[in-house]
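A.B. asks: The following block contains the structure, expressed as structure tokens.
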Amino acid sequence: MMFDRLTDPDQHMTLVWTQLAFALLTVLGLSLLSAPYGRHNRAGWGPTIPTRWAWVLMEAPSFFMFLVVFVGTMPEPAAYPLLLLGLWLTHYGHRTFVFPWRIRVRPGDAMPAVIVLLAMVFNTLNSTINATAASGGLVSTWFGMHASTTWLDPRVWIGVTLFVVGTVTHRRADARLAALRAPGESGYKIPHGGLHEYVSCPNYFGELIVWTGWTIATWSPAGLAFLLYTAANLVPRALQHHAWYRATFPDYPNTRRAVLPFLL
Ligand code: NDP
């Protein structure tokens, strides 16, 4: 019954519009203040959760909810939707179960529980609509590309290629950031190498490429809403990181941009 409602195009679009409202609120909120975690963490945001477990809690709905909704709404097993499932689970499997144990957390660092809760709510909604879009279960022709999809469809190979390129980009950047701190170290340094020579936040740049690829590969309003949300979240944060680097390190390379090489 729940899955029938999720595959109804009107109900689906209501959820997509809700997600777009999240994106609008996020960009408005982040234009007024920085999200209080990582280098922008500060007191006054209530109870906190240790950083590694905060990441696991925040991202777990993206993994499990997507899986449940995908299986519940998939009309019949088909190769392309299953490829999309694989891409999503690879991304969120890494983000939920691997990434939190790779970062070098400052001793005692913790995230406000309110941030974790908001992220869990958003990720539950986001994975629900994206799983419904990817499984091919939507009862409408213009939502999905699955019925008529062939492997030669340019949306398939352009979308999947961008997803993979973005994944390599953000994983390399995250690995470079983790390597900046030796075990036990807790300070910040100027990152060097790879796309760090061009932008302050190549990990966010990679993330934007991933969800651009996903939007093209799923050709769905849900994918586009997630891409817009990611931009609403990560572009202001990248600008805040960039300003922080420039204010903190007098020798910060002034040719670097915040998130889009040569542009922004
Ligand atoms: P950050 O770049 O702020 O931090 C990533 C890790 O690197 C943290 O452990 C941070 O430590 C450390 N780090 C960053 N810069 C330095 C430095 N100069 N010197 C030493 N250590 C450093 O990324 P986020 O934590 O915001 O995000 C992590 C991942 O999650 C990214 O890949 C991002 O793309 C993804 N993400 C995706 C979102 C989406 O909307 N799709 C939303 C949010 C994140 P510390 O925490 O102590 O600052």
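The values are calculated or read from the model by the stated rules, or taken from the named source; none is laboratory data. What you see is a predicted model; the values in this text were computed from it and never measured. Glycine gets a Cβ as well: all are built from the backbone with ideal geometry, and neighbour counts include every protein chain shown.
A.B. asks: Could you look through the range 30-81, keep only residues that are out of contact with any helix residue (DSSP H, G or I) (no Cβ under 9 Å at 6 or more places or on another chain) and not in a loop (DSSP other than H, G, I, E, B), and pick out the one that is nearest to Gly108 (Cα to Cα)?
C.D. replies: Pro50
A.B. asks: If you don't mind, there's one more thing I want to ask. Checking the condition free of Cβ contacts under 8 Å to residues at least 60 places away in the same chain, basic (Lys, Arg) and either part of a loop (DSSP other than H, G, I, E, B) or in contact with a helix residue (DSSP H, G or I) (Cβ under 8 Å, 6 or more places away or on another chain) (or both), which residue from Arg171, Arg155, Arg176, Arg237 passes?
C.D. replies: Arg176
A.B. asks: If you don't mind, another one. Only one of (1) under 24 Å from Pro75 (Cα atoms); (2) within 12 Å of the ligand (Cβ to nearest atom); (3) among the polar types (S, T, N, Q) is not met by Asn233, so which one is it?
C.D. replies: Against the list (1) under 24 Å from Pro75 (Cα atoms); (2) within 12 Å of the ligand (Cβ to nearest atom); (3) among the polar types (S, T, N, Q), Asn233 comes up short only on (1).
A.B. asks: Is it true that Arg95 is at pLDDT below 95 and either surrounded by 13 or more Cβ atoms within 10 Å (Cβ to Cβ) or part of a helix (DSSP H, G or I) (or both)? Spell out the reasoning first.
C.D. replies: Details: at pLDDT below 95: no; either surrounded by 13 or more Cβ atoms within 10 Å (Cβ to Cβ) or part of a helix (DSSP H, G or I) (or both): yes.
For Arg95, the condition - at pLDDT below 95 and either surrounded by 13 or more Cβ atoms within 10 Å (Cβ to Cβ) or part of a helix (DSSP H, G or I) (or both) - is not met.
A.B. asks: From the list Gly213, Gly187, Gly206, pick out the single residue that is over 23 Å from Ala35 (Cβ atoms) and of a type in the set (Gly, Ala, Ser).
C.D. replies: Gly213
A.B. asks: Go through Arg106, Arg102, Arg176 for me and flag whichever is within 16 Å of the ligand (Cβ to nearest atom), surrounded by 17 or more Cβ atoms within 10 Å (Cβ to Cβ) and among the basic types (Lys, Arg).
C.D. replies: That would be Arg176, the only listed residue that is within 16 Å of the ligand (Cβ to nearest atom), surrounded by 17 or more Cβ atoms within 10 Å (Cβ to Cβ) and among the basic types (Lys, Arg).
A.B. asks: Can you tell me which residue within the range 193-215, out of those that are more than 10 Å from the ligand (Cβ to nearest atom) and either at pLDDT below 95 or not in a helix (DSSP H, G or I) (or both), is farthest from Tyr245 (Cα to Cα)?
C.D. replies: Per the stated criteria, the residue is Gly193.
A.B. asks: Working carefully through the options Gly44, Gly29, Gly38, find the one that is at positive phi, surrounded by 13 or more Cβ atoms within 10 Å (Cβ to Cβ) and either under 17 Å from the mean Cα position of the chain (by Cα) or not polar (S, T, N, Q) (or both).
C.D. replies: Gly38
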